[in-house]
1. Around GLU209, under 10 Å between beta carbons, what's the net of Lys plus Arg minus Asp minus Glu among the other residues?
2. Sorting check: for 187-197, 234-244, which peptide has the highest mean count of neighbouring beta carbons within 10 Å, and how do the rest follow?
3. How much net charge surrounds VAL228 when only the other residues with a Cβ under 10 Å from the Cβ of VAL228 are counted, with Lys and Arg +1 and Asp and Glu -1?
4. Using modelled backbone amide H atoms (1.01 Å from N, in-plane), which distant-in-sequence or interchain residues come within less than 5 Å of ILE45's amide H?
5. Stretched out fully, how many nm does the piece from ASP271 to SER122 gain, at 0.36 nm a residue minus the Cα gap?
6. So which lysines can LYS137 reach, going by Cα to Cα under 19 Å and dropping same-chain residues fewer than 8 places off?
7. Within straight cross-link reach of LYS222, meaning Cα distance under 25 Å, which lysines are found once same-chain residues fewer than 8 apart are removed?
8. Lysines near LYS237 by alpha-carbon distance under 28 Å, same-chain residues fewer than 8 away left out - which ones?
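Please treat every number below as a calculation from the coordinates, not as lab data. Nothing here was measured: the structure is a model prediction, and the numbers come from that model. Backbone-built Cβ (ideal geometry, glycine too); neighbour counts: all protein chains shown.
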Amino acid sequence: MEKFFIKLSLFFAILSVIIYVINERYIIVINTSSTDKFKNVPEKIQICNFGSSHGANGYHYDDLANDYTCFNFAMASQSLDYDWRIMQCYQDKIDDNAVVFITISYFSFYGIDETKTNNFLSKNKRYYRFLPKEFIKEYDLKTDIFENKLPALTAYENLLIDLLRGTKDEDIMEDEESINMEIYTKAAYKRHFVNEKLDKNGERIQNQEHVDSLYNMIELCKKKGVSVILVTTPYLKEYTDIVIENDPEFFDDFYGIIDQVVLDTNVRYYDFSRDDRFQKDYGSFVNADHLNHEGAIKFVNILMEEIGELLITMQ
């Protein structure tokens, strides 16, 4: 019996060492993810943006880095609700004369309650890495402990892949040469416009919480004296075409909401989704609706031309 307990103790000791090593390695991996940037949010941000993957991929401030303090608060699959929560948390980092771009994707206003979506738990846990608990939806202490102290134990689905790859980037970064445009656009349409976006009768679900979050962000920016601008980033023609083919009434609904927000708040809205400078510029995109690094630099430079008079106030 004594030998058995010795072997058992030795087994658990070895197992503990293995778990420790894997966990420490995985902590390094998640520290290279899209959430790592929140460890070094600069002070007095002059230009920044919020949004989902369209925002994460759409704004690269390389050409502005020497003249302005810039930051990208966007992440893949980030809702306007979490944009609002992040803005509240980091509002003191944003300069009073700043320009804030709020990215409005076609899917931004639609869908069921975010906490009821199939991937909510897996997506929500990333916010435990950089937001205080009062800003996290359905905060759970156990998840907090595991995500910040023992993340490898809750990452079983992609643990091996992430460890072998060495990074865990939740933002969209696909090899553009490997993407079949037809397959991608059909999958994107289903993901952005159908899955958890329609009710049992096939009617589009407008999510009022998302709309309210947008109003809240605008109000906060105005209270700070910050210039806030709504932006829909560029898409390739194939992406907008599949929307028109499958749901021609969508744009009346989408722009109806935008028009009402603009009317109520008197903010600017720039729509680049069907901009001729990008619709067929395949070299600027990773896929049908996400800009690559070079495309994002081009896009930001065009944005700066549009808001030139606001930049003068920062000088």
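1. -4
2. Packing proxy ranking, top to bottom: 234-244, 187-197.
3. +2
4. Those qualifying (amide H under 5 Å, at least 5 residues apart or on another chain) are ILE94, ASP95.
5. Here the segment from ASP271 to SER122 would lengthen by 50.5 nm.
6. LYS116, LYS123, LYS125
7. Answer for LYS222, where 25 Å is the Cα cut-off: LYS44, LYS93, listed by chain and number.
8. Candidates past the 8-residue exclusion: LYS186, LYS190, LYS197, LYS280, LYS298.
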